[in-house]
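The values are calculated or read from the model by the stated rules, or taken from the named source; none is laboratory data. Only a predicted model underlies this, so the values are computations on that prediction, with no experimental measurement involved. Cβ: placed from backbone, ideal geometry, glycine included. Neighbour counts: every protein chain shown.
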Amino acid sequence: MPVSRREQILAVAESVLEAEGPASLTMRRLATELGIRAPSLYKHVRSKDDIEAGLQERALRGIGEAVAAAGPELSRLTAAYRAWATAHPRLYELATRRPLHREALGPDVEESAAAPLVAAAGGDEHLARAMWATAHGLVDLELARRFPPGADIDRAWRVAFEALAPRTRPARERTGLSRDGSATVAPSPAPAGRGTPPG
């Protein structure tokens, strides 16, 4: 399937972002990287905010795909989240440290990114949000190199989620979810607004 010009622009923007940081993410710089004049970019993207929204969507899709591929086991799911974030640090920061351009995201992008974690929490959105906040806090500290020298970061992750893991079992029982995340009984329909990402 051919890659659209917009996707080409976003791919270049991601490369510049990861290599040099958000300050280098300018229309002029992107145009130079693409070998075109800056005004030509506006045929495919509306503004720098539009580019940032596109990058945030790429981040959410990337995180969602990585976590979903890890399977429902909580330790594997959180390891996949951490691995993706540390492999794409500036893209991760753009999606999690700045306001999310929700109005510009594709349909269900946020919900799809959150779905594996919500399933791991047995459909409990509050528990899923607490789990996400824990994972994000650990990643944020790691990316900022704020752990003390010699700190066992792997152990910090294990301890954090071993503490949360018992809370996922009652949630699974309430929603009828089995260990693999499939429904053993039909759960009640979620109220409007539930199932949205923990962000």
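To keep it simple, each residue is scored yes or no on (1) over 27 Å from the mean Cα position of the chain (by Cα); (2) in contact (Cβ under 8 Å) with a residue 12 or more places away in the chain.
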| position | (1), (2) |
| --- | --- |
| 10 | no, yes |
| 17 | no, yes |
| 20 | no, no |
| 23 | no, no |
| 29 | no, yes |
| 33 | no, yes |
| 40 | yes, no |
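Among the helices (runs of 4 or more DSSP H) lying completely within the stretch 82-167, list those that include at least 2 residues that are touching a residue at least 40 places away in the same chain (Cβ under 8 Å) and more than 22 Å from residue 25 (Cβ to Cβ).
Working: elements: 89-96, 109-120, 125-143.
The qualifying helices (runs of 4 or more DSSP H) are 109-120, 125-143.
Could you please let me know if residue 15 is over 22 Å from residue 144 (Cβ atoms) and at pLDDT below 95? Even if it seems obvious, please write down each step before you answer.
On the way: over 22 Å from residue 144 (Cβ atoms): yes; at pLDDT below 95: no.
Taking the combined requirement at face value, the residue does not satisfy it.
Could you count how many residues in the stretch 63-81 are more than 22 Å from residue 155 (Cβ to Cβ) and part of a helix (DSSP H, G or I)?
Within the stretch 63-81, residues that are more than 22 Å from residue 155 (Cβ to Cβ) and part of a helix (DSSP H, G or I) number 6.
Say whether the condition of being surrounded by 13 or more Cβ atoms within 10 Å (Cβ to Cβ), at negative phi and not in a helix (DSSP H, G or I) is met by at least one residue in the stretch 2-15.
no
Inside the stretch 122-135, can you point out the residues that are within 12 Å of residue 78 (Cβ to Cβ) and surrounded by fewer than 18 Cβ atoms within 10 Å (Cβ to Cβ)?
134
So, in the stretch 22-39, exactly how many residues are in contact with a helix residue (DSSP H, G or I) (Cβ under 8 Å, 6 or more places away or on another chain) and surrounded by 12 or more Cβ atoms within 10 Å (Cβ to Cβ)?
Going through the stretch 22-39 one residue at a time, the tally reaches 11.
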